[in-house]
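The block underneath contains the structure these notes are about, expressed in C-alpha cells.
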Amino acid sequence: MDQSLVFDLDLINKYDYSGPRYTSYPTAPQFHEGFGEAEYRAAAAATNEQGGPLSLYFHIPFCDTICFYCACNKIATKDRSMAATYLDRVHKEIAMQGAMFDKSRVVEQLHWGGGTPTFISHQEMQELMRVTGEHFTLADDDKGEYSIEIDPREATAETIRTLREVGFNRLSLGVQDLDDRVQKAVNRIQSEAETMAVLEAARDNKFRSVSIDLIYGLPFQTVESFTKTLDRVIEVGPDRLSVFNYAHLPELFKPQRRIHAQDLPAAQVKLDILQMTIDHLTSAGYVYIGMDHFARPDDELAVAQREGTLYRNFQGYSTHSDCDLVAMGVTSIGMVGNTYSQNERGLDEYYGAIDAGKLAVFRGIELTTDDLIRRDVITRLICNFVLDFSAVEQMWGIRFADYFASELARLPGMVSDGLITMDESGVRVLPRGRLLIRNICMAFDRYLSAGVQQKNFSKVI
C-alpha cells in the first residue's frame, strides 16, 4: 500500500470546511436520552452471547491547571482529595459493569484518559487497576494495548515505573509546543527537561510504544518556532506523533476565551506550519496514518493500515476492531454491541446515579442497519483509504451502486480534483486526498445530508 501524502494548498483551501472527526458514526449529536440504562444492559447481555474481547476506557477528569486551548471534559482543581471521592464511585461502577460481562472475555485494550489521569496518586493508580482486575479479566501476557495519557508535569520516573508495574505498556505525552512564549500564552508551562525525563523513563521501563502530542495553530506560533519544536521531537524518535489543529471555539469552550484571537497565527501561517510538519515527518521516515496521526513504518498502526485491518474508535486509531468498548467515569462514551452510550456529564449527576446503584448512562443510540452499513464504509475510508465495493456488498447483502447512488453522484468533483479515483470496483484515496479524508467520508454521512449543522464540528484542516 502506498502510504505517501501530498500537500496541495489549492485543494486544502477549496475543501477546508467543518465536519466530523468520525471517532464514531453516527456522531455524538445523534445521541438521545431515549437510550438509557435498560437499553445498555440489554446490549451488554446480547454481546455475551457472541463473546469476544473487551476494551475498557476510564475517564479521570481532574487537572491541576487549565490549558487554555483545551476542549476536553475536565475539572480544574488543586484539591487532590477530590480524586478519592471520584474513584470511590468509579470502583462501584467497575463492579456494576463487570457483573454484566462474562469473565471469559479478556480485556485486550485499556485506556485511561482525561483530564489528567496522572492527577491521582500512585496508590490510587494501583488500587484502580486492582479493582479493575477483580471484576474484569485483564490480559496477563503484556500483549494487550494498555495505554494512558501523560502530562509530564504530573509524572516522575517513579510514576512511569508504577504505571508499567500495574500493566500499562503504551503512553502518550502531551507536549503541544516547546516554545516558551507559546506555553505562556496557553497556560501550559512545561520544560523540555520535564518532557524528556518522562520519555527516558518510559524507555527505561520498556514501554512498547511512546506517542507525543503536538498542536499547531496556537498563539504566537510561526513556521520557524514550530520547526524547532518538531525537530527536537523527531530527534528523540517517538513511535507515533499526533499533530492536532487548534480549533478556536471560545463560544463552546470557556477556557479558550483566555486566548486572544489576534495572537493566533493567520490561516496561511497555519497551513505553512502543517506543510512543514508533513515534510519534516515524512523526511524523517514517518508515515501518515490519517486524521493528524503519524507513525513509524514498523509501528502496529502503520502495519495494520497496510494490511487493511486498521480501526478507529473514541480513543483514535486502533488495531483492535473486535472489542466491545466499556466506558467508565463521568462523561465517558462506550460502544457495546450495536450501540453507543454516554455517562452523565456532571459530577453530581454521575455520583447520584452510582450512589443509587444505577449505571450512569444518560444518553446513547442504537444503530440501525443503515447506520452500520455507513459506519463500515466510513471506517474503511478513514482507516485504510480504500473502499472496495464488493467487500461491502458481501458484508451487507446490498448492491453498492444502487444503495449509494446519490452518494456516488457527489464524488465526481473529488475525482476531477485528484482526491480519489473511482471505478466499478471501488474508491481509492490518492495521496493529495488523504489530508481531506473527512470530506470524502462526509459524502456517505446520511445525517449531514439530513441537515445536521456542520458548525458543530471543527474545520477539517
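The values are calculated or read from the model by the stated rules, or taken from the named source; none is laboratory data. Source: prediction; values computed, not measured. Here the Cβ positions follow ideal geometry from the backbone for every residue, glycine too, while neighbour counts run over all protein chains shown. For the accessible areas, the whole protein counts, side chains as well, though only heavy atoms, and no ligand, DNA or RNA atoms are used. Shrake-Rupley method; radii C 1.70, N 1.55, O 1.52, S 1.80 Å.
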Handout entry: Simple spin-label estimate for Asp402 and Met196 in nanometres, 7 Å along Cα-Cβ
Key = 6.4
Completion exercise
With the label point 7 Å along the Cα-to-beta-carbon line of Leu249 and a cut-off under 17 Å to each amide N, the hits in the stretch 53-70 are 68-70
Handout entry: Cα-projected label distance for Asp298 with Arg21, points at 7 Å along beta-carbon direction, nm
Key = 3.0
Exercise for the section: May I ask you to derive the FRET efficiency for Asn73 and Thr222 from their Cβ-Cβ distance with R0 = 35 Å, giving the value to the nearest 0.05? Expected result: 0.65
Problem - log10 of Debye I(q)/I(0), alpha-carbon scatterers only, for the stretch 1-71 at 0.12, 0.27, 0.28, 0.29 Å⁻¹ - result: -0.77, -1.30, -1.30, -1.28
Exercise for the section: Would you please give the residues with an amide H less than 5 Å from that of Tyr146, counting only those at least 5 places away or on a separate chain, with H modeled from the backbone geometry? Expected result: Leu110, Asn169, Arg170
Practice task
Please tell me the relative contact order of the chain in percent, rounded to the nearest whole number, where contacts are Cα pairs under 8 Å and at least six residues apart.
Solution key: 23
Exercise for the section: Give me the number: length gained by fully extending Ser283 to Thr137, i.e. 0.36 nm times residue separation minus the C-alpha to C-alpha distance, one decimal in nm. Expected result: 48.3 nm
Exercise for the section: Could you list the trypsin sites (Lys or Arg not before Pro) in the stretch 72-172 that lie in coil according to DSSP, counting only those with at most 13 other Cβ atoms within 10 Å of their Cβ? Expected result: Lys78, Arg80, Lys103, Lys143
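Just to be sure I follow the definition: excluding the sites themselves, where is the longest run in the chain that has none of the GluC sites (Glu not before Pro) in a DSSP loop with at most 12 other Cβ atoms within 10 Å?
Answer from the scan: 34-250.
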Fill in the blank from the handout: Quick shape summary for the chain, equivalent ellipsoid via Cα gyration tensor, semi-axes whole Å in descending order, reads 32, 29, 21
Problem - Förster radius 22 Å - calculated FRET efficiency between Asp2 and Glu424, Cβ distance, rounded to 0.05 - result: 0.55
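Using DSSP, restrict attention to beta bridges with both residues in the chain and report what percent are antiparallel, rounded to the nearest 5. Display every interim value, and only then the final one.
Values: 28 of 64 bridges.
Around 45 percent antiparallel, to the nearest 5.
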Handout entry: Distant-in-sequence amide H partners of Thr137 (H built 1.01 Å from N, under 5 Å)
Key = Val107
Completion exercise
Close lysine pairs (the stretch 183-309; alpha-carbon distance under 26 Å; 8 or more apart or on separate chains) counted at 5
Practice task
Within the stretch 325-363, find all residues whose amide N lies under 15 Å from a label point positioned 7 Å from the Cα of Met82 along Cα-to-beta-carbon.
Solution key: 330-331, 345-351
Exercise for the section: Could you rank Asp2, Asp140 by how accessible they are, 1.4 Å probe, largest area first? Expected result: Asp140, Asp2
Practice task
Enumerate the calculated ³J(HN,Hα) couplings along the stretch 426-435 in order (Karplus 6.51 cos²θ - 1.76 cosθ + 1.60, θ = phi - 60°), each rounded to whole Hz, writing x wherever the residue is Gly or Pro.
Solution key: x, 10, 10, 7, 7, x, 7, x, 6, 5
Completion exercise
For His135, the accessible surface traced by a 1.4 Å probe with all protein chains present amounts, in square angstrom to the nearest 10, to 50
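Accessible area, 1.4 Å probe, largest first: how do Val223, Val243 sort?
These residues rank, largest area first, as Val223, Val243.
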Exercise for the section: Would you mind getting me the FRET efficiency between Arg208 and Gln123? Use the beta-carbon distance for r and R0 = 35 Å, nearest 0.05. Expected result: 0.90
